[in-house]
Amino acid sequence: MDALTFTEEFASTVQAGRLFKALILDAPNLLPKLIPQAIKNIQLVEGNGGPGSIQEITVAQGADIKHLKHKIDALDKENFTYSYKVIEGDIPEKIETISHEIKIEPTAEGGSKVKNVTKYHPKPGAAIKEEDFKAAREEALGVLKVVDAYLVANPDAYA
């Protein structure tokens, strides 16, 4: 079976560079502070934070997922793009890997548009359905909204 692909888009009034710095570059520091009920910590366990590096995310108690490891595939600070794969952790049994491609584009109004393409790659012979991933997609959008709200409320942050 081919990968199940979802494309999510989110419009923000926050400038693309600020959003990229907060959401991608400083996520290990910012996300545990903004959503401690969801993310306990994010730490670099291999590499320097660029392509090939591995981050480990420890999720707060009470969640279905306890930890994940991400391998960074690409990071382009000038074009505000970032891609990574979930390579280890509490992922659904039928899934081999999950890949994410994030692009933050400036808008004419001075804000930004975030595009996130997520691909769920099933294990050989496994059948997966769109509804199996609705909660995960909503959680990812929720994180983006929290970071966006923080930046709107703190206009000097990540300027």
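Key figures for this structure:
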read-out	value
Under-5 Å amide H pairs with His67, H placed in peptide plane, nonlocal only	Val59, Asp90
Gained length - Lys40 relative to Ala11, 0.36 nm times residue gap less alpha-carbon distance	7.7 nm
Within the chain: Cβ-based charge dipole about Cα centre, in debye rounded to nearest 20 (Lys, Arg +1; Asp, Glu -1)	200
Amide H contacts under 5 Å for Thr107, placed H, 5+ residues apart	Ala16, Ser112, Lys113
Between helix 134-153 and the chain: long-axis angle, C-alpha atoms, 0 to 90°, nearest 10	10
Estimated inter-spin distance, Lys145 and Glu93, nm [label 7 Å along Cα→Cβ]	3.2
Length-normalised contact order for the chain - Cα pairs under 8 Å, 6+ apart - percent	28
Computed over the chain, Cα set: Rg, Dmax in Å	15.5, 50
Residue-by-residue Karplus 3J(HN,Hα) for segment 29-36, coefficients 6.51, -1.76, 1.60, Hz, glycine and proline x	8, 6, 4, x, 6, 7, 9, x
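All of the numbers you see were taken from the coordinates with simple rules; none came from a lab. Fair warning: this is a prediction, and the values are worked out from it, not measured in the lab. Don't worry about glycine lacking a Cβ; one is built from the backbone with ideal geometry, like all the others, and counts go over all protein chains shown.
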